[in-house]
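Here is the structure we will look at.
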Amino acid sequence: MTLYFESVCTGNDHRSPIIEVITRRHLGNINASGYDACSSGTLVDIIGSGVLPVDIMTPIIVRASARDDVYGAGEIDIIRQGLRAGDVDTLTPYFNRAVAMFTSEENGFRERHLLNLGLNSQVKIGKDQTAVNPNAFAVFSADHANNRRVREMYAGKGYELVSGNCISAVLVNGDHEVRVAVLGAYATNDPSSEITSTFGMGEGNYKAIIRLISEWTPIAIDRALRESF
């Protein structure tokens, strides 16, 4: 049976697929037979439904409003009113416009920077919703918010905490044991370390998270393998 290192972000689009390909490359480099990589997003189904709650749309809309190339001056007042009122119908088209622009930008960033790592052609096509994975060896989330969602999913399926601290947790259900952690915190032993979303924040910020993912992923994998024996 193949055991998986699963990487998790919000939409399985910009962070977790990159962690996945770097994980797979490192597993090959260390000849870790019996292990593979996969990725998912905790809100893939909600995002795909097209009916998003205001609290999910708000950070993207606010980020887009701070730029001068997404919305017109006259639209900002409408957006502010929509945010104050929590008006999903008003906000949705502005959210969709920002997402379309940011996605186009980030796809270009990813192609350039992964090409430098020789990894661009290996990035997955499609998005998968995070769910309890009975073949997961470790689940590494990009950030703390997604790590909390992962732990809630596993707890909801009867997994119990058998050991853990502010860095990582080991959950067990029957014969299945899985380590759940924030990638950066587990790699650095610093509870505050995480890979936050740089969606819409420019190429410099995206390049910085690629560097962190490249640095932290092999360290986290090696630690998880070492601590399992």
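General remarks:
- Environment charge of Asn133, counting only residues whose C-beta is closer than 15 Å and scoring Lys/Arg +1, Asp/Glu -1: -3
- Gyration tensor verdict on segment 89-160 (Cα atoms; rounded if a/c is under 1.5, prolate if a/b is larger than b/c, oblate otherwise): oblate
- The value for segment 81-208 of Rg(Cα) / (2.2 N^0.38 Å) is 1.30.
- Between the helical axis of 144-156 and the longest alpha-carbon principal axis of the chain there is an angle of about 60 degrees.
- Take every pair of alpha-carbon atoms less than 8 Å apart whose residues are at least six positions apart; their mean separation over the length of segment 50-101 yields a relative contact order of 49 percent.
- Over the chain: helical MRE at 222 nm, DSSP H runs n ≥ 4 each giving -39500 (n - 2.57), nearest 500: -17000 deg cm²/dmol
- Percent of C-alpha pairs per 10 Å bin, segment 9-114, short to long: 13, 36, 28, 15, 7, 2
- Base-10 log of normalised Debye intensity for segment 190-229 (one unit scatterer per alpha-carbon) at q = 0.16 Å⁻¹: -0.50
- Counting only alpha carbon atoms, the long axis of helix 73-85 and the longest principal axis of the chain meet at about 60°.
- Of all beta bridges that DSSP places with both ends in the chain, some 35 percent have antiparallel geometry.
- GNM result for the chain, Cα springs below 10 Å: residue of Pro218, Pro53, Pro93 fluctuating most strongly: Pro93
- The Cα atoms of segment 50-101 define a convex hull whose projected area, averaged across directions, is 3.2 nm².
- Karplus 3J(HN,Hα) series, Hz, for segment 198-215 with 6.51 cos²θ - 1.76 cosθ + 1.60 (x for Gly, Pro): 10, 4, x, 9, x, 5, x, 5, 5, 4, 5, 6, 4, 4, 5, 4, 5, 7
- Measuring nothing but how far apart in sequence close Cα pairs (under 8 Å, 6+ apart) lie, relative to its length, the chain scores a relative contact order of 24 percent.
- Gyration tensor (alpha-carbon) shape descriptor, segment 129-191, a/c threshold 1.5: prolate
- Taking Arg63, Arg151, Arg15 in turn, the Gaussian network model of the chain (Cα-Cα springs below 10 Å) assigns the largest fluctuation to Arg63.
- C-alpha center-to-center spacing [segment 120-169, segment 184-229] in angstrom: 15
- Centroid-to-centroid, using Cα positions, segment 35-62 and segment 70-103 are 17 Å apart.
Read-outs throughout are calculated quantities, based only on the coordinates presented, and are distinct from any laboratory measurement. Note that the coordinates shown come from a computational prediction; the quantities given were computed from them, not determined experimentally. Cβ sites come from the backbone with ideal geometry, for glycine too, and all protein chains shown count toward neighbours.
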